[in-house]
Amino acid sequence: MRKPLIAANWKMNTGIEEGVTLVTDILDGLKGSLSIDIALCPPFVSLQAISRLLTGTTIELGAQNMHFKERGAYTGEISASMLKTLCKYVILGHSERRQYFFETDDVVHSKVEAALAVGLIPILCVGESGEQNERGKTGEVLLGQVTAALRGIRADASLVIAYEPIWAIGTGRAATADQACSSIKVIRSAVAGLWGETIAAAIRILYGGSVTGANIAEFIRHEQVDGALVGGASLKAVEFLEIVRQTALHKSAR
Ligand code: PGA
């Protein structure tokens, strides 16, 4: 049984104080023991302050990016081992990184390898563009991205993959549950092809793209969907808590 994960991707939002307030509100609103995992991924500058707030709680911390090199003359970059002292997770290969910062499949591959090498759990993002979707290329694109990211890397059941169709990110136009489920099946079978059935059955695959408190249940009801990577809706404590609540409710009901 895979433990559900709700991960918050704050992107380039919230200063340190704002982030601290948001986390305080989330912690205040969480009731009882949690049957699911929660990860918050704030901007780098807030990691330390938020890490202190999360000490002694069951909420984990994640980063939104990292460099694949261990150290050296890479101005502005942060390595996996630097993050490891604060974080459990790191989001890698997000479509915004691929699109605006020209991250190729090869770069994403190197980052996944470097993260796993120090015991950071990658939340590897894959997803097709609107055009690829319309041309019926979704399966092919996902297979290509998963294969490029993981080929040659030692199997690791801690890896998390997020299926994030680019056309659904920040648009308010989420994929349908059917679309998410069929893409997640493609991703899981791609992992099985590389890492074997047992690992493929164990890794968590999330849906991401315009997830809200109002639509999370549609996704989470399905056995294939192990949680969500949440952008915009994770910036409001009440909304994020509703996503967490619904996930715990639906997953524990099964
Ligand atoms: P969104 O972003 O929830 O705002 O669509 C999701 C993401 O980019 O991870």
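The values are calculated or read from the model by the stated rules, or taken from the named source; none is laboratory data. These numbers come from a predicted model, not from an experiment. Using ideal geometry, Cβ is built from the backbone for each residue, glycine included, and neighbour counts are taken over all protein chains shown.
Check region 200-223 and report whether any residue there is farther than 25 Å from Y100 by Cβ, crowded, with 16+ Cβ neighbours inside 10 Å, of a type in the set (F, W, Y) and more than 18 Å from the chain's Cα centre (by Cα). Before the answer, list the steps.
Let us first name the residues in region 200-223 that are farther than 25 Å from Y100 by Cβ, namely 200-204, 213-223.
Okay, now just the ones that are also crowded, with 16+ Cβ neighbours inside 10 Å, so 200, 202-204, 213, 215-216, 218-220.
Within this subset, residues satisfying the condition of being of a type in the set (F, W, Y) are 219.
With more than 18 Å from the chain's Cα centre (by Cα) added as a condition, the list becomes none.
Scanning region 200-223 turns up no residue that is farther than 25 Å from Y100 by Cβ, crowded, with 16+ Cβ neighbours inside 10 Å, of a type in the set (F, W, Y) and more than 18 Å from the chain's Cα centre (by Cα).
Suppose we filter region 91-100 for residues that are in contact with a helix residue (DSSP H, G or I) (Cβ under 9 Å, 6 or more places away or on another chain) and either among the aliphatic types (A, V, I, L, M) or assigned to a loop (DSSP other than H, G, I, E, B) (or both); how many remain?
Final tally of qualifying residues: 3.
Closer than 20 Å to Y89 by Cβ and either within 15 Å of the chain's Cα centre (by Cα) or surrounded by fewer than 18 Cβ atoms within 10 Å (Cβ to Cβ) (or both), is that true of R154?
yes
Report whether or not G172 is over 30 Å from N13 (Cα atoms) and at pLDDT 95 or above. Outline the logic, then answer.
Details: over 30 Å from N13 (Cα atoms): no; at pLDDT 95 or above: yes.
Against the criterion (over 30 Å from N13 (Cα atoms) and at pLDDT 95 or above), G172 does not qualify.
Which count do you get for residues in region 12-25 that are buried (at least 19 other Cβ atoms within 10 Å of the Cβ) and within 16 Å of the ligand (Cβ to nearest atom)? Break it down stepwise before answering.
Step one: list which residues in region 12-25 are buried (at least 19 other Cβ atoms within 10 Å of the Cβ), which gives 14, 19, 22-23.
Then keep just the ones that are within 16 Å of the ligand (Cβ to nearest atom); that gives 14, 22.
The qualifying residues number 2.
Testing G62 on (1) assigned to a helix (DSSP H, G or I); (2) crowded, with 23+ Cβ neighbours inside 10 Å, one condition comes back false. Which one is that?
(1)
Tell me which residues, restricted to region 27-48, are surrounded by 14 or more Cβ atoms within 10 Å (Cβ to Cβ) and either within 16 Å of the ligand (Cβ to nearest atom) or over 21 Å from the mean Cα position of the chain (by Cα) (or both).
Across region 27-48, the qualifying residues are G29, I38, A39, L40, C41, P42, P43.
Do we have any residue at all in region 134-148 that's surrounded by 15 or more Cβ atoms within 10 Å (Cβ to Cβ), part of a helix (DSSP H, G or I), in contact with a helix residue (DSSP H, G or I) (Cβ under 7 Å, 6 or more places away or on another chain) and touching a residue at least 60 places away in the same chain (Cβ under 8 Å)?
Scanning region 134-148, I find no residue that is surrounded by 15 or more Cβ atoms within 10 Å (Cβ to Cβ), part of a helix (DSSP H, G or I), in contact with a helix residue (DSSP H, G or I) (Cβ under 7 Å, 6 or more places away or on another chain) and touching a residue at least 60 places away in the same chain (Cβ under 8 Å), so the answer is no.
Does K3 fit the bill of being at pLDDT below 95, of a type in the set (D, E, K, R) and not in a helix (DSSP H, G or I)? Break it down into steps so the answer makes sense when it comes.
On the way: at pLDDT below 95: no; of a type in the set (D, E, K, R): yes; not in a helix (DSSP H, G or I): yes.
In short, no.
Please go through region 111-131 and give me each residue that is over 18 Å from A162 (Cα atoms) and assigned to a helix (DSSP H, G or I), ordered by number.
Our first condition is that a residue be over 18 Å from A162 (Cα atoms); within region 111-131, this holds for 114, 117-119, 131.
Matches in region 111-131: A114, A117, V118, E131.
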